[in-house]
1. Taking R0 as 22 Å, what's the FRET efficiency between GLU81 and ASN49 from their Cβ-Cβ distance, rounded to 0.05?
2. Once the piece of chain linking ARG5 and GLU65 is laid out straight, how much longer is it, given 0.36 nm per residue of separation minus the C-alpha distance between them?
3. Can you tell which of PRO51, THR20, THR33 lies farthest toward the positive end of the dipole of region 8-77, using +1 and -1 charges on the Cβ of basic and acidic side chains (Lys, Arg; Asp, Glu)?
4. Among DSSP bridges having both ends in the chain, what percentage is antiparallel? Round to the nearest 5.
5. What's the local net charge at HIS16, with K and R +1, D and E -1, over the other residues with C-beta under 14 Å away?
6. Give the angle, between 0 and 90 degrees and rounded to the nearest 10, that separates the Cα long axis of helix 44-56 from the longest principal axis of the Cα atoms of the chain.
7. Given (1) 0.97; (2) 1.07; (3) 0.92 as candidate values of Rg/Rh (Cα atoms, Kirkwood Rh), which corresponds to the one derived from the coordinates?
Amino acid sequence: MEEARIDKKINIKGLHCPYTFVKSKIAVEDMETGQVLEILLDNEEAVINIPKSMEDHGQKVLKVEKINDTDWIIQVRKEKE
């Protein structure tokens with residue numbers, strides 16, 4: 001699978017819903033269409049909710065990956081304003 005070029009990274013470890021999605025949504029809103037956001041998080045509920053919410057808002061989820069015992073990364077490409 002092709003690795004996406006990451007344009008922006010945010011770390012939302014320690015945050016819980018709905019703050020995890022709010023921070024992620026604001027980060028995407030500040031980006032150009034086609035750019036990729038990488039989100040580092042440690043909240044299992046958010047790992048489910050953020051990708052669903054991003055797709056509900058028309059963005060493309062490229063990756064959801066558990067990277068160690070506590071952390072995940074989610075990559076989202078901005079598809080529309």
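1. Computed FRET efficiency for GLU81 and ASN49 comes out at 0.50.
2. Between ARG5 and GLU65, full extension yields 20.0 nm more.
3. Going by the Cα projections, it comes out as THR33.
4. Values: 12 of 16 bridges.
Taking every DSSP beta bridge within the chain, about 75 percent pair in antiparallel fashion.
5. Details: positive: LYS13, LYS23; negative: ASP42, GLU44, GLU45.
Local net charge: -1.
6. Computed tilt is about 20 degrees.
7. Correct label is (3).
Since every read-out is calculated from the coordinates, none of them should be taken as a lab result. Not measured: the values here are computed from a predicted model. Using ideal geometry, Cβ is built from the backbone for each residue, glycine included, and neighbour counts are taken over all protein chains shown.
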